[in-house]
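The values are calculated or read from the model by the stated rules, or taken from the named source; none is laboratory data. Small disclaimer: the values here were computed from a predicted structure and weren't measured. So basically every Cβ, Gly included, is an ideal-geometry build from the backbone, and we count neighbours across all protein chains shown.
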DNA sequence: GCAAAAATGTAGAACGCTACACGTAGAACA
DNA sequence: TGTTCTACGTGTAGCGTTCTACATTTTTGC
């Protein structure tokens, strides 16, 4: 079945560079890694040959001995534009380095993580990993690891970068209270897989209680399936006890909430105010004009990358970076009455 | 600066498997690649050892001699959820294979493509590449290549998978005509970088002409920048010659169009109908209820992957796969009057 | 039953790079 | 002038695979 592939233009190797520059292979390698013991003259000579031949080191070969200069990013999903922000942050951190990021997507990180380790990634960033600390430590024992959006720090042998999701939950409630809302419901995720959700729920609860609204705490949980979400929102908004505000655990759900509300003839924010989370581009975008909690994905990505490279360079104690969220107020939660 | 990294749990190598199974390294390699000349007994023995030791071949090492079983996907952008559909298609094509996809994002494919070649990807899928055929052929000479969303087939030494964008443009216009709209404008992209846009514009023009609306052909071009898009849309909708329908080159722009229209107090579809392109999940989603041209990203991804693997396996002539788009009608373009 | 053919397994040389261990030469020191 | 440093280059042994030869065993054909 497998025929011979057509002849491909062959690669320039370090050997050819060496012979072109009239030096040893080892010398070229030194220049490549800017290792100690290289004179300016030699560097220049080698550099010239590399440029001339358009030489590029082969990552797999490097990986066999040293590094591949490749970082792996594991996203849980590609549909949420919030992840694009994180990615942008990663890339800006990588700008002046020799590292390159490769991404993969998978709900259960496991198999993808293995694939990335097989491919000699120098380090991994897991975004919103749905994994136990035990499992994460297991990975961390094999490859430098940073988790974004993981709040369990006990015994962590990896770094974390987090938005303060608990504070985020609080801010949402506080903001809605300030704008005169009282019956604030929260739309959360069924089977809360991530510690992120737990923190947001906790923040919601705590702030509701502190605001003296403990009695009207109302967490509604929906799965990721669109139909289900719509159904549950409809039930919530048609019920006799309709909330006058909904805090949604992510912008995407918030858009859906707006959608269902409008469909039911309710006006926003007069009848029901909506607040989302992530402050994705789409908040600005559509008529949604959605108030949202900004967790600055770009900062998350940037810090995670910084920590990861530190770790690759040898740091072995764990660091945990926290970003403070903030409310970005838009029309969807404007002052009631 | 660079300290010694902490001791990592070492990898199981093919050598250890071989010694555990009491066979040669070559034998294990044969089993791994299911090459010719392996008895059932040997296979079983080796398989057992591999399972027992939890062995996983190292891609970089394989790459040095043969394949890495890694495919590279190059996306122009991560924000458009349409790309998630393509990705899903790729993954479903990969399901029962030993290949794994890694993604990268970059507007100008160039540097990312080089990085992927450096990392020994067995093949590349470029999505909406903003490159000349010359450049693409150049890449194709070095690595098996498939382009999704590239309409220039002259001399192509790579495969392409395309939605029939010209037909898509036609369908949009035809649909709007059938629903009684006449002054149909098209919102396109400034500096049309991709052949995709050209085809959609062409389809729009041709169908307008055939419908006898050649006189009201009106292509408005906006850059990718949100502010600009809003400005241009506002100008278009406030002008004395307001169109009664807008065909937008992508859903994201269509949402923006809806947004601006609503802001201006226009109702959709009575005052102005909107049609998008891509049929992203968000069409169903928000109150947008956006009519869109479906180009089935999943099929595109699946076919591209299929072609790519064929090419890796040795096919050298080019193939070009075309998917037929279809209109998915929703509220945003309902019958006028 | 014997030669030829087919099937099965093994040795060992790459693949392109890194990094350790040296060799050498000039500078600094006494 | 000899000796010790230091800076700079080089030789070469791997890293974990694949894959071409080749050696050995088993099967087949007559």
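Key figures
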| item | result |
| --- | --- |
| Residue check for residue A:259: modelled with pLDDT under 90 and in a loop (DSSP other than H, G, I, E, B) | no |
| Which numbered condition residue A:100 misses (of (1) in contact with a strand residue (DSSP E or B) (Cβ under 7 Å, 6 or more places away or on another chain); (2) within 12 Å of DNA strand D (Cβ to nearest atom)) | (2) |
| Selected residue (only one of B:153, B:126 is farther than 18 Å from residue A:72 by Cα, surrounded by fewer than 22 Cβ atoms within 10 Å (Cβ to Cβ), assigned by TED's automatic domain parsing to the domain that holds residue B:302 and in contact (Cβ under 8 Å) with a residue 24 or more places away in the chain) | B:153 |
| Whichever residue in segment A:69-86 is in a loop (DSSP other than H, G, I, E, B) and at the interface with chain B (Cβ under 7 Å from one of its Cβ atoms) and, among such residues, is farthest from the chain's Cα centre (by Cα) | A:79 |
| In segment B:244-256, residue farthest from the other protein chains (Cβ to nearest Cβ) [restricted to those that are touching a strand residue (DSSP E or B) at 6+ places or on another chain (Cβ under 6 Å) and not in a strand (DSSP E or B)] | B:249 |
| Hits in segment B:295-307 (condition: touching a helix residue (DSSP H, G or I) at 6+ places or on another chain (Cβ under 9 Å) and on the phi < 0 side of the Ramachandran plot) | B:295, B:297, B:298, B:299, B:300, B:301, B:302, B:303, B:304, B:305, B:306 |
| Residue count, segment A:124-144 (criterion: more than 11 Å from chain B (Cβ to nearest Cβ) and not in a helix (DSSP H, G or I)) | 9 |
| Hits in segment B:36-61 - residues which are within 11 Å of DNA strand D (Cβ to nearest atom), loosely packed, with under 11 Cβ neighbours inside 10 Å and closer than 21 Å to residue B:97 by Cβ | B:36 |
| Residue that is within 26 Å of residue B:123 (Cβ to Cβ), modelled with pLDDT of 95 or more and within 16 Å of DNA strand C (Cβ to nearest atom), where the choices are B:64, B:58 | B:58 |
| Candidate set: segment A:312-330, residues that are in contact (Cβ under 8 Å) with a residue 24 or more places away in the chain and within 14 Å of another protein chain (Cβ to nearest Cβ); chosen: the one farthest from residue A:154 (Cα to Cα) | A:330 |
| Condition broken by residue A:16, with the remaining ones in (1) closer than 30 Å to residue B:11 by Cα; (2) in contact (Cβ under 8 Å) with a residue 24 or more places away in the chain; (3) surrounded by 14 or more Cβ atoms within 10 Å (Cβ to Cβ) satisfied | (1) |
| Extreme residue, farthest from the other protein chains (Cβ to nearest Cβ), among residues of segment A:30-45 that are away from DNA strand C (no atom under 11 Å from the Cβ) and not in a loop (DSSP other than H, G, I, E, B) | A:41 |
| In segment A:12-29, the residues that are away from DNA strand D (no atom under 11 Å from the Cβ), within 23 Å of residue B:120 (Cα to Cα) and more than 14 Å from chain B (Cβ to nearest Cβ) | A:16, A:17 |
| Test: residue in segment A:105-120 that is assigned to a helix (DSSP H, G or I), modelled with pLDDT of 95 or more, crowded, with 21+ Cβ neighbours inside 10 Å and more than 10 Å from every other protein chain (Cβ to nearest Cβ) | yes |
